Amino acid sequence: MTIQAPEPLLTPVYQYPESLTHVPTHYCPGCTHGIAHRLIAEVIDEMGVRQDTIGVASVGCSVFSYRYFATDFAQAAHGRAPAMATGVKRANPDKLVFTYQGDGDLASIGAAEILHAAVRGENITVFFVNNAIYGMTGGQMAPTTLEGQKTTSSPAGRDAATTGAPLRMSELLAQVDGAAYVVRRSLHDVVQIRRAKKAIRRALEVQRQGLGFAMVELLSSCPTNWGLAPDAALAFIRDEMVPVFPLGDLKVPDEPAAGAPA
Amino acid sequence: MKGTVKVDESLCKGCALCIPVCPKGLLRVANERFNARGVHPAELDDPAELCTGCEMCAIACPEAAITVFRAVKA
Ligand SMILES: Cc1ncc(C[n+]2csc(CCOP(=O)(O)OP(=O)(O)O)c2C)c(N)n1
Ligand code: SF4
Ligand code: SF4
C-alpha cells in the first residue's frame with residue numbers, strides 16, 4: 001500500500017504584530033509612519049517585552065500613536081517627549097522606554113529637549129521619523145526640509161539664504177558624549193525596511209544593556225503634503241532625501257569583546 | 001502551492017505599495033470594487049499558484065494588512 005504524501009500545510013510566516021492594537025490608523029494611504037509603527041511593534045513582539053515597554057507619543061501626525069501600540073503609553077506636549085521619557089525611565093528603570101517623534105517635534109520645538117536628553121545620556125530609545133515637513137498641520141517647512149523643497153510656508157522652495165540648510169540631527173547628536181547609539185535608516189524599499197528593523201532592535205538592546213541614549217532616525221514619506229503618489233514619495237526619499245541625509249551608523253557602542261564579562 | 005498571502009481588506013488603504021514589490025507581479029488593485037473604507041483594495045491574483053510566500057509585500061505594506069503563509073511538509 002502506498003502512503004499518500006500529506007498535503008502541504010500552510011503556516012503563517014508573517015502576520016499582524018501583537019504589539020499593535022486593531023484601532024484603524026488615521027495615517028494617509030502610503031504614509032510610512034505605518035511602516036515605522038509596524039517595525040517597532042514587530043521588534044517588541046520578538047523581544048517579548050510588550051508588558052515591559054512604555055512609549056511616549058509626541059505631537060504631529062503620530063500624536064495618536066498611543067492608540068496604535070498595544071503597550072503602555074504616555075502623551076507629551078509638543079517636543080517634550082524626551083523630557084517625559086526621562087522621568088518615565090528614571091521612575092521605572094526596569095522598563096524599556098521609547099519616544100516616537102516627528103522632525104518638527106524633535107528638530108524644531110523640541111530641539112533643546114532631545115539635545116539635553118542625549119547630553120545627560122538618558123537611557124531611553126528615540127524613534128525619529130524624518131519626513132522633511134510638518135505633516136499634521138498642513139505641510140509647513142521643517143528644519144529638515146530640503147533646499148528648494150516647496151512647502152506651504154516656503155511656496156517658492158526653501159531658500160537657504162534666509163532659512164538655513166537642512167538640519168542633520170543624527171550627526172549633531174552623535175557627537176554628544178552621552179549618546180551611545182545613533183543611526184540613520186530609511187523606509188523607502190524592502191531592503192531598507194529590513195535594515196531599519198535591525199536598527200530598531202539594536203536601539204532597544206542598547207537601552208536594555210544600560211548603555212545610554214539611543215536614537216534611530218527613519219527617513220519617511222509624507223505623500224499628502226509632498227503632493228506625490230505613495231510610490232513617487234518613496235522615490236523622493238531615495239533620490240532627494242538620502243543624498244542630504246546619508247544612511248549609516250553615526251555612533252555605535254563597542255561590541256563587548258568575546259568572553260568579556262557582560 | 002509554496003505560499004500565499006491574504007490581504008485584510010478592512011485594513012487596506014489602497015496605497016498600492018505592495019504591487020510593484022512582488023517579484024512575480026501577483027498582486028493587483030481591485031479597481032472594480034471598494035472596501036468599507038471606500039478604496040480599491042489590493043488582492044492576490046495567483047491562479048497558477050506562483051506565490052512563494054517571500055513576504056516582500058507584507059514588508060512594504062504600511063498597514064500590516066498582509067498575512068503571509070508558506071507551505072510546510074507535515
Ligand atoms: C506648542 C505647540 N506648538 C505648535 C503646535 C502645532 N503643531 C502640531 S504638529 C506640528 C508639527 C508636526 O510635524 P512633525 O513633528 O514633523 O510630524 P509629522 O506630522 O510630519 O509626522 C506643529 C507645529 C502644537 N501642537 N503645539
Ligand atoms: S500628513 Fe503626511 S505624515 Fe501625516 S499621515 Fe498624512 S502622509 Fe503621513
Ligand atoms: S500596501 Fe497594504 S494598504 Fe497598501 S494597497 Fe497593499 S495591502 Fe493595501
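Any chance you could count how many residues in the stretch A:32-52 are among the polar types (S, T, N, Q), away from ligand 3 (no atom under 16 Å from the Cβ) and within 25 Å of A:Gly104 (Cα to Cα)?
Of the residues in that region, 0 qualify.
Yes or no: A:Leu218 open to solvent by 60 Å² or more (accessible area, probe 1.4 Å), of a type in the set (A, V, I, L, M, F, W, C) and not in a helix (DSSP H, G or I)?
Considered against the rule, which asks whether it is open to solvent by 60 Å² or more (accessible area, probe 1.4 Å), of a type in the set (A, V, I, L, M, F, W, C) and not in a helix (DSSP H, G or I), A:Leu218 comes out as no.
Could you go through the stretch A:52-59 and let me know if any residue there is under 22 Å from A:Ser221 (Cβ atoms) and part of a helix (DSSP H, G or I).
No, there is no match, as no residue in the stretch A:52-59 is under 22 Å from A:Ser221 (Cβ atoms) and part of a helix (DSSP H, G or I).
Just name the residue that is farthest from B:Glu63 (Cα to Cα) out of those in the stretch A:28-51 that are assigned to a loop (DSSP other than H, G, I, E, B) and not aliphatic (A, V, I, L, M).
If we take residues in the stretch A:28-51 being assigned to a loop (DSSP other than H, G, I, E, B) and not aliphatic (A, V, I, L, M), then A:Gly48 is farthest from B:Glu63 (Cα to Cα).
Do any residues in the stretch A:125-140 that are without any contact (Cβ under 8 Å) to a residue 40 or more places away in the chain have Cβ atoms under 7 Å from those of residues that are surrounded by 24 or more Cβ atoms within 10 Å (Cβ to Cβ), where the two are at least six apart or on different chains, and which pairs are they?
From residues that are without any contact (Cβ under 8 Å) to a residue 40 or more places away in the chain, the pairs are A:Gln140/A:Tyr134.
Quick check: anything in the stretch A:119-133 part of a helix (DSSP H, G or I) and farther than 24 Å from A:Thr25 by Cα?
Yes - at least one qualifying residue is present in the stretch A:119-133.
Suppose we filter the stretch A:24-55 for residues that are more than 14 Å from ligand 1 (Cβ to nearest atom), closer than 23 Å to A:Ala199 by Cβ and either of a type outside the set (Gly, Ala, Ser) or open to solvent by 10 Å² or more (accessible area, probe 1.4 Å) (or both); how many remain?
Summing the residues that are more than 14 Å from ligand 1 (Cβ to nearest atom), closer than 23 Å to A:Ala199 by Cβ and either of a type outside the set (Gly, Ala, Ser) or open to solvent by 10 Å² or more (accessible area, probe 1.4 Å) (or both) in the stretch A:24-55 gives 15.
Need at least 1 residues that are surrounded by fewer than 19 Cβ atoms within 10 Å (Cβ to Cβ) and without any contact (Cβ under 8 Å) to a residue 40 or more places away in the chain per element, so show me which strands (runs of 3 or more DSSP E) inside the stretch B:1-61 make the cut, counting only ones lying wholly within it.
Fully inside the stretch B:1-61 and qualifying: B:27-29, B:42-44.
The values are calculated or read from the model by the stated rules, or taken from the named source; none is laboratory data. Every value quoted in this text rests on a predicted model; they were computed, and no experiment measured them. A quick note on method: Cβ atoms are made from the backbone with ideal geometry, for glycine too, and the neighbour counts reach across all protein chains shown. All accessible areas refer to the heavy atoms of the entire protein, side chains included, with ligands and DNA or RNA removed. Shrake-Rupley method; radii C 1.70, N 1.55, O 1.52, S 1.80 Å.
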